[in-house]
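Chemist: My structure is below; once you've seen it, I'll send some questions.
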Amino acid sequence: MRIPFTKMHGIGNDYIYIDCLTFDIPSPEKLSREMSPRHFSVGADGIVLICPSNVADAKMRMFNADGSEGKMCGNAIRCVGKYLYDNRLTDKTELSIDTLSGIKHLTLYPENGRVKEVKVAMGTASFEPKDIPVLREEKMINQPIEILGQTYNLTAVSMGNPHAVCFLPEIDDLLLEKIGPKFENLPIFPERVNTEFVKIIDDKTLKMRVWERGSGETYACGTGACATVAAAVVNGVCPPDKEITVRLIGGDLKITCASDMSVTMTGEAQKVYEGVYEYEC
């Protein structure tokens with residue numbers, strides 16, 4: 001089976017995008033495991049299927065590098081919006097995209113017929129244990145957890161997928177390949193967890209590294225940046241209703257977390273190249 005694909009990224013969070021508006025992909029979990037390995041295949045953080053929807057302009061399904069299906073990816077959904085517009089599959093600049101964490105609304109900002117930036121209404125951040133989920137009776141806000149003999153304070157938050165945010169004095173020298181899997185597989189997170197390690201630059205600027213469940217350290221994570229700003233607001237680090245810059249390895253995202261915990265994210269989306277993959281399904 002020959003599968004046309006487009007390699008795209010949102011500030012370095014790269015996925016392989018496949019137009020499934022007119023055909024289905026058998027065993028997408030297997031396909032993601034085949035296509036994602038760097039050096040040995042196309043190489044990406046996973047694959048994204050752009051599918052038809054009865055309730056929105058399109059549906060996004062995303063699969064991590066290990067084949068597990070993710071609920072939502074903020075960087076990926078910006079690229080979905082760009083794909084639909086740039087390929088003339090829509091002429092609208094206000095789009096709705098169906099995901100496993102609900103319908104998300106996008107505002108596209110095109111320049112010369114191509115989308116440059118996308119603003120996403122990411123929904124409402126939740127700190128309720130059942131929403132994340134985390135096995136705690138009370139909200140987990142700045143609570144201590146021991147990993148490999150060291151204590152880290154975590155704030156657990158859902159952006160439609162589970163996140164644990166950890167504020168630290170420095171993050172550059174963290175050995176995420178060593179500690180990341182320990183956070184991801186903490187028993188208190190029954191669905192595993194994405195973990196954000198954050199340095200506070202000032203009350204409007206945060207620096208972040210992320211360990212994503214199923215993918216490891218990535219250059220960026222949109223939902224993680226949103227979770228980080230929501231956690232910063234709850235912990236009194238950043239003010240609500242103000243645009244916060246989150247600096248990631250791949251670039252910057254602009255995040256606003258309102259007083260009611262609704263979150264918006266603005267960032268770039270870029271196409272890298274197109275190709276065809278021979279898939280033995």
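Read the figures in this text as sums done on the coordinates, not as results from a lab. This structure is a prediction, so every number in the text was calculated from the model and none was measured. We place every Cβ from the backbone using ideal geometry, glycine too, and count neighbours over all the protein chains shown.
Chemist: Take the cross-link list Lys7/Lys92; Lys7/Lys242; Lys92/Lys271; Lys71/Lys207 and give me the ones stretching past 21 Å between alpha-carbons. Intermediate results must be reported in sequence, preceding the final value.
Modeler: Working: Lys7/Lys92 23 Å; Lys7/Lys242 33 Å; Lys92/Lys271 19 Å; Lys71/Lys207 24 Å.
Violating the 21 Å limit, Cα to Cα: Lys7/Lys92; Lys7/Lys242; Lys71/Lys207.
Chemist: Determine the dipole magnitude for the chain: charges of +1 sit on the beta-carbon of Lys and Arg, -1 on that of Asp and Glu, nothing else is charged, the reference point is the Cα centre, and the result goes in debye to the nearest 20. The partial results should precede the final answer.
Modeler: Values: 31 positive and 39 negative charges, 51 e Å.
With only Lys, Arg, Asp and Glu charged at Cβ, the dipole is about 240 debye.
Chemist: Now for a different question. How much of the DSSP beta bridge set in the stretch 107-250 is antiparallel, as a percent to the nearest 5? Could you put the intermediate results ahead of the total?
Modeler: Details: 25 of 33 bridges.
In the stretch 107-250, approximately 75 percent of DSSP beta bridges are antiparallel ones.
Chemist: Regarding the stretch 129-260, what whole-number volume in Å³ per residue does the convex hull of its Cα atoms give? Kindly include the intermediate steps, with their values, before the conclusion.
Modeler: Values: hull volume 13.1 nm³, N = 132.
Per residue, the Cα convex hull of the stretch 129-260 comes to 99 Å³.
Chemist: Another question about this same structure. Enumerate the calculated ³J(HN,Hα) couplings along the stretch 125-139 in order (Karplus 6.51 cos²θ - 1.76 cosθ + 1.60, θ = phi - 60°), each rounded to whole Hz, writing x wherever the residue is Gly or Pro.
Modeler: 5, 10, 10, 6, x, 5, 7, 6, x, 9, 7, 9, 6, 10, 4
Chemist: Quick check on the exposure proxy: order Arg88, Arg38 from fewest to most C-beta atoms within 10 angstrom. Can you show the working numbers first?
Modeler: Values: Arg88 8, Arg38 11.
Listing Arg88, Arg38 from fewest to most nearby Cβ atoms yields Arg88, Arg38.
Chemist: As a test, work out the antiparallel percent of DSSP beta bridges whose residues both lie in the stretch 182-281, rounded to the nearest 5.
Modeler: Values: 20 of 23 bridges.
The answer is about 85 percent antiparallel.
Chemist: Amide H to amide H, which residues 5 or more places from Gly46 or on other chains are under 5 Å from it, using H placed in the peptide plane?
Modeler: Residues meeting the criterion, in which the H sits 1.01 Å from N, are Ile16.
Chemist: How big is the stretch 1-142 by the Kirkwood estimate over distinct Cα pairs, in Å?
Modeler: Values: mean 1/r = 0.0623 Å⁻¹.
Over the stretch 1-142, the inverse of the mean reciprocal pair distance is 16.1 Å.
Chemist: In Å, what Rg and Dmax follow from the Cα atoms of the stretch 187-270?
Modeler: 12.5, 37
Chemist: When only alpha-carbon atoms count, how far does the chain stretch along each of its three principal axes, as whole angstroms with the largest first?
Modeler: 49, 37, 33
Chemist: About its Cα centre, what dipole magnitude does the stretch 129-260 give when the only charges are +1 on Lys and Arg Cβ and -1 on Asp and Glu Cβ, stated in debye to the nearest 20? Let's see the in-between values first.
Modeler: Working: 14 positive and 19 negative charges, 18 e Å.
For this selection, approximately 80 debye.
Chemist: Counting helices only, and only those DSSP H runs with n ≥ 4, report the 222 nm mean residue ellipticity of the chain as the sum of -39,500 (n - 2.57) divided by its residues, in deg cm²/dmol to the nearest 500.
Modeler: Working: 4 runs with 43 residues, N = 281.
-4500 deg cm²/dmol, from helical runs alone.
Chemist: Another question, then. Could you sort out which of Lys104/Lys139; Lys116/Lys199; Lys119/Lys199; Lys82/Lys199; Lys59/Lys119 sit more than 19 Å apart by Cα distance in this structure?
Modeler: Working: Lys104/Lys139 25 Å; Lys116/Lys199 28 Å; Lys119/Lys199 24 Å; Lys82/Lys199 31 Å; Lys59/Lys119 17 Å.
Violating the 19 Å limit, Cα to Cα: Lys104/Lys139; Lys116/Lys199; Lys119/Lys199; Lys82/Lys199.
Chemist: Around Gly123, which amide H atoms from residues at least 5 apart in sequence, or from another chain, sit under 5 Å from its own amide H, with H modelled in the peptide plane?
Modeler: Those qualifying (amide H under 5 Å, at least 5 residues apart or on another chain) are Val263.
Chemist: Using 0.36 nm per residue of separation minus the Cα-Cα distance, give me the extension gain between Asp252 and Arg88 in nm, one decimal. Don't skip to the answer; put the middle values down first.
Modeler: Numbers: separation 164, 0.36 × 164 = 59.04 nm, distance 2.76 nm.
In short, 56.3 nm is gained.
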